[in-house]
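A.B. asks: Take this structure first; my questions come after.
Quick note: the coordinates plus some simple rules give every number you see, no bench work behind them. Everything quoted here is computed from the prediction, not taken from an experiment. Methodologically, a virtual Cβ is constructed for each residue, glycine included, from the backbone with ideal geometry; neighbour enumeration extends over all protein chains shown.
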Amino acid sequence: MLYWLDNYNLSGSLKVAADGGANFVYDKLGDGENVLPDLITGDMDSIRDGVMWFYKDKVVKLTIFCVSFT
């Protein structure tokens, strides 16, 4: 997957990370500076606090939803 991301032009694409996927982008793509998601969505149970605050500071839109299995 990293090979694909390294060789794909993301400049004109809508970039969406699902919850913990934002951790992957942050960790593997240069602390998130090279590719900022346009949107992070999910219940935010998997995203690390520091990563979430990093993206909030970069003004990435966060859409939080909750799922109840009760």
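A.B. asks: For Ile47, what residues show an amide H to amide H distance below 5 Å, using hydrogens built from the backbone and excluding near sequence neighbours?
C.D. replies: HN-HN under 5 Å from Ile47: Gly20.
A.B. asks: Continuing with this model, one more query. Taking K and R as +1 and D and E as -1, what net charge do the other residues with C-beta under 13 Å from the C-beta of Met52 add up to?
C.D. replies: -1
A.B. asks: Quick one: net charge around Cys66, please, counting Lys, Arg +1 and Asp, Glu -1 for every other residue with C-beta under 10 Å from its C-beta. Could you put the intermediate results ahead of the total?
C.D. replies: On the way: positive: none; negative: Asp43, Asp45.
Summing Lys and Arg as +1 and Asp and Glu as -1 gives -2.
A.B. asks: Rank-order 40-50, 18-28 by packing density, defined as the average count of other C-beta atoms within 10 Å over each peptide's residues, highest first. Mind showing how you got there, number by number?
C.D. replies: Details: 40-50: 15.1, 18-28: 17.5.
Put in order of decreasing packing, that is 18-28, 40-50.
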